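Scroll down for the structure; my scribbles are underneath it.
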Amino acid sequence: MTKTISDCLAPYQRANLIQLPVIIHRLPRVSLQFGLEIYVLRDDLTGFGLGGNKTRKLDFLLGDALVRKATAVVTTKATSFSRNAAAGAAACGLKFHVVLPGTESDQNPLSRAVFAKWGARCHYEPDNRTALDNRLQSVIASLRDQAEEVYVLHPGGSDAVGALSYVRVFDEIRQYSEQTGVHFSHILHSTSSAGTQAGLVVGQCLARSETQVLGISASRSRPEQFELVHELAQSTARLLGKQVDPDKIIIDDGFVGPGYACASREGEAASQIFAELEGILLDPVYTGKAAAALLSYSKDKLLGSGPVLFIHTGGNAGLYY
Ligand SMILES: Cc1ncc(COP(=O)(O)O)c(C=O)c1O
């Protein structure tokens, strides 16, 4: 008998950071204006810490850390993921250390304040990338000297274990469709460190679903982003003893705008439409760009007759710091 997605994921413990069931709802005014049934999956409301797709990944990553009897969690580089990780570690009773590039005064005061609230130990490394990696290794070594069992989180949470969370999201969408009769022709979302798309594509392959997953690049060119997603999707599928079909990885790099972490004009306009018509806030550098793609495709009738699901991957904290 073929294994279901939940059978495949059963051996992986979660840290139970996510409020379930998933929230999916229709966007009535955006649908009317753009002439297509558009729904949103509210992973901005995952219900813990600062929410978003990072909390999804941490649910599996910290579950894995607990199985491995970790006592301390360490990560580096990705500041926004690290803030969520600090909250998750606190909720799991784990010590949390992060090695951040730059100096303490480079950090926004609000960001510093939330790290402090969640009891994170921040180590700053002003020098280059090699120095940052060396500093990470020395923090890990020093914790091990203190008899801590250290679990290292990949920056952004985008390794195979983190990506399992979006295999699960694909299954949650499938269950929603079964219950409501709303079957999505496309799922569209922002892609950057690749965990979200890799997980969704593996879920799609496991479910043998016809729904297309469209990743809207926040920064990289299509070939670079494809490579990143493909590699991670392969390692995620391997973890489950499965294979992934590279033809299912669809990436559009036409909405990157001025580049990584920079807002685009189209993204700002799409964010304004979501805010004004639906009361939903998007961030300018990830979800705003993905929404720009969604609205542009809808206008140009590139999404067939739908319905289409937009994944709100969070990032609202980026509006404040
Ligand atoms: C709000 C938001 N959406 C989407 C993404 C992209 O997801 P992924 O890194 O899993 O590709 C990120 C990544 O940092 C993000 O912060």
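Results, tabulated for the structure shown:
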{"item": "Peptides ranked, highest mean first, by Cβ atoms within 10 Å: ranges 63-69, 265-271, 100-106", "result": "265-271, 63-69, 100-106"}
{"item": "Crossing angle, helix 160-180 versus the chain [Cα axis fit, 0-90 degrees, rounded to tens]", "result": "30"}
{"item": "Long-range HN-HN contacts of VAL73 with modeled amide H, under 5 Å", "result": "LYS95, PHE96, HIS97, TYR151"}
{"item": "Tensor-based shape of the range 54-157 (alpha-carbon gyration tensor, a/c under 1.5 rounded, otherwise prolate or oblate)", "result": "oblate"}
{"item": "Which of LYS77, LYS57 has the fewest Cβ neighbours within 10 Å, and the rest in rising order", "result": "LYS77, LYS57"}
{"item": "Surface/4 of the Cα convex hull for the chain, nm²", "result": "16.2"}
{"item": "Ordering of 40-52, 107-119 by burial proxy (mean other Cβ atoms within 10 Å per residue, highest first)", "result": "40-52, 107-119"}
{"item": "Long-range amide H partners of GLU125 with built H, under 5 Å", "result": "LEU100, GLY102"}
{"item": "Percentage relative contact order, the range 54-157, counting C-alpha pairs under 8 Å, at least six apart", "result": "38"}
{"item": "Relative contact order of the chain, defined on C-alpha pairs under 8 angstrom at six or more residues apart (%)", "result": "21"}
{"item": "The range 54-157, dipole about Cα centre (Lys/Arg Cβ +1, Asp/Glu Cβ -1), debye to the nearest 20", "result": "320"}
{"item": "The range 30-99 versus the range 178-246: alpha-carbon centroid distance in Å", "result": "18"}
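Throughout, read-outs are computed from the coordinates displayed, never taken from laboratory work. Values in this document were obtained by computation on a predicted structure and should not be read as measured data. As a convention, Cβ positions derive from the backbone with ideal geometry for all residues, glycine included, and neighbour counts pool all protein chains shown.
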